[in-house]
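The values are calculated or read from the model by the stated rules, or taken from the named source; none is laboratory data. Keep in mind that what you see is a predicted model, and the values were worked out from it rather than measured. Positions of Cβ are backbone-derived with ideal geometry, glycine not excepted, and every protein chain shown enters the neighbour counts.
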Amino acid sequence: MKKPGKKENKGSGKDESRLDSESSGAESSGPSEGSSGATGQSPGDGPEVSGAEISADAACKEENYVLKDQLSRLAADFDNFRKRSARQMEEFRKTVLEKVLLDFLEVSDNFERALKSARSTEDMASVINGLEQLSRQFDSVLEKHGLEKIECEKAVEFDPYKHEAVQHVETSEIPDNTVFQVYKSGYALDSKVIRPAMVSVARNPGDEGQEDE
């Protein structure tokens, strides 16, 4: 009776070991299912990333629109400023020109009176005196507005910045390379030469031969 009992115990041990192996296999399969579940959540992250990209693109478009609007406003303001400055410059030019012309009208009035006086008088000395006064008045008006006559007299050294040589005259009367005769007076506006004096320049005889030697 004891031998069959031992056989049954052996069979039950095998069953327990088989059950233990199956349970361990079930436990080992558990984490794999969990890991597959974790990887299954990754597709859910896709809409969140695309939404961020869409919001960033919308922000860039909004900023671009704002910058374009600011640029168009600045361009319009600059154009208005340019037109306003041009109008102001033109008004200033007309104001200055008006003042200059009013000063010269006084000279014109005196010139007309001098002409009437010259027609009715035979005293040439008085006519010459009146013309000299007119010349001085005219020069004073020019000086008032910053225009000065360039001092240019005979025998003054020739200055290419102030004088324009029309011709050379061979003479030993005055030193070489000096002004011989003035044809037109020169003028400077605020120390800037706007018209050089037209003159002839002296050239002493024999200087050319010395230069050739």
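Key figures
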| quantity | calculated |
| --- | --- |
| Residue among Lys144, Lys184 that alone is touching a residue at least 24 places away in the same chain (Cβ under 8 Å) and of a type in the set (Lys, Arg) | Lys144 |
| Residue within segment 194-206 that is under 30 Å from Glu98 (Cα atoms) and either in the same structural domain as Asp109 (by TED's automatic domain parsing) or exposed (fewer than 13 other Cβ atoms within 10 Å of the Cβ) (or both) present | yes |
| Evaluation of Val141 against (1) in the same structural domain as Ser108 (by TED's automatic domain parsing); (2) in a loop (DSSP other than H, G, I, E, B) (one fails), failing number | (2) |
| Single unsatisfied condition, Asp190 versus (1) closer than 27 Å to Val96 by Cβ; (2) modelled with pLDDT of 90 or more; (3) surrounded by fewer than 11 Cβ atoms within 10 Å (Cβ to Cβ) | (2) |
| Every residue from segment 132-156 that is surrounded by 13 or more Cβ atoms within 10 Å (Cβ to Cβ) and of a type in the set (A, V, I, L, M, F, W, C) | Leu134, Phe138, Val141, Leu142, Leu147, Ile150, Cys152, Val156 |
| Selection from segment 121-147 of residues that are small (Gly, Ala, Ser) and over 18 Å from Ser108 (Cα atoms) | Ala125, Ser126, Gly146 |
| Selection from segment 90-104 of residues that are closer than 14 Å to Leu134 by Cβ and either of a type in the set (D, E, K, R) or modelled with pLDDT of 95 or more (or both) | Asp103 |
| Failed item in (1) of a type in the set (D, E, K, R); (2) over 30 Å from Val96 (Cα atoms); (3) assigned by TED's automatic domain parsing to the domain that holds Pro205, with Lys116 passing the rest | (3) |
| Within segment 116-125, tally of residues that are out of contact with any helix residue (DSSP H, G or I) (no Cβ under 6 Å at 6 or more places or on another chain) and either among the acidic types (Asp, Glu) or surrounded by 13 or more Cβ atoms within 10 Å (Cβ to Cβ) (or both) | 3 |
